[in-house]
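The values are calculated or read from the model by the stated rules, or taken from the named source; none is laboratory data. Predicted model, so just to flag it, every value in this text is computed and none were measured. Neighbour counts run over all protein chains shown; Cβ positions are idealised from the backbone, glycine included.
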Amino acid sequence: MRRPGLAPAALLLAAMSACASGAAPEGGAGPAIRVVPTYPGAAIFQRSDARPVETVIPAMPDSAWRVLTGAYEQLGIPVATTDRASRLLGNEAFGVQGRLGDQRLANYFNCGTGLTGDVANSARLRVNIFSQLAPHADGALLRTLVQATASNPQGASADPVLCTSTGRLETWIANAVRLGVLQRN
């Protein structure tokens, strides 16, 4: 099923497939940040150095595909984009606050710290998450890319804070797919 915001998903698919190294901005000051509009009045922030976490799943891609959606459902992540032909699914504008599944958000995202502790636990996060399955010599290669921004849930006027992934969400998804495949066999 194709959704109106598939253009950013296509950009992510290209980035995930190529896994090319991102260039730092002039002067080597760190990763470049780009803003990708998703729909009128909204955008996601992408770091040039963001890389998908890759995991080999001991199953054919079609078998792993059947359980991938279930992993998202277990976490409470609505799947907004599905491209069956390229085995890509995800959500480019998922809003969440407090917890994802049974974990506090700081377990999955580092958005810095404030007076009350981890920003990820108190802010409203806008998550951009996509997973893709590809053939691999040992089964299927699962690539999951997660990016997020945090903003004040009270709507105070401040720019969103760019968050980094701890890698635990990508690992959780890979483990859920691996377990789901084993249970189906």
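All but one of (1) surrounded by 19 or more Cβ atoms within 10 Å (Cβ to Cβ); (2) at pLDDT below 95; (3) in a strand (DSSP E or B) hold for A120; which doesn't?
(3)
Would you be able to say whether some residue in the range 152-170 is within 18 Å of V56 (Cα to Cα), assigned to a helix (DSSP H, G or I) and touching a Ser or Thr at 6+ places or on another chain (Cβ under 7 Å)?
Yes.
Report, by residue number, each residue of the range 105-117 that is assigned to a loop (DSSP other than H, G, I, E, B) and either of a type in the set (S, T, Y) or at negative phi (or both).
Correct list: Y108, C111, L115, T116.
Pairs, please: C-beta under 8 Å, at least 6 apart or cross-chain, first residue surrounded by fewer than 19 Cβ atoms within 10 Å (Cβ to Cβ) and modelled with pLDDT of 90 or more and in the range 162-185, second in a helix (DSSP H, G or I) and not β-branched (V, I, T)?
From the range 162-185, the pairs are T166/N107; R168/N107.
Yes/no matrix, rows are residues, columns are (1) surrounded by 20 or more Cβ atoms within 10 Å (Cβ to Cβ); (2) not basic (K, R):
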{"residue": "V56", "(1), (2)": "no, yes"}
{"residue": "M60", "(1), (2)": "no, yes"}
{"residue": "A64", "(1), (2)": "yes, yes"}
{"residue": "G70", "(1), (2)": "no, yes"}
{"residue": "E73", "(1), (2)": "no, yes"}
{"residue": "A80", "(1), (2)": "no, yes"}
{"residue": "R84", "(1), (2)": "no, no"}
{"residue": "L88", "(1), (2)": "yes, yes"}
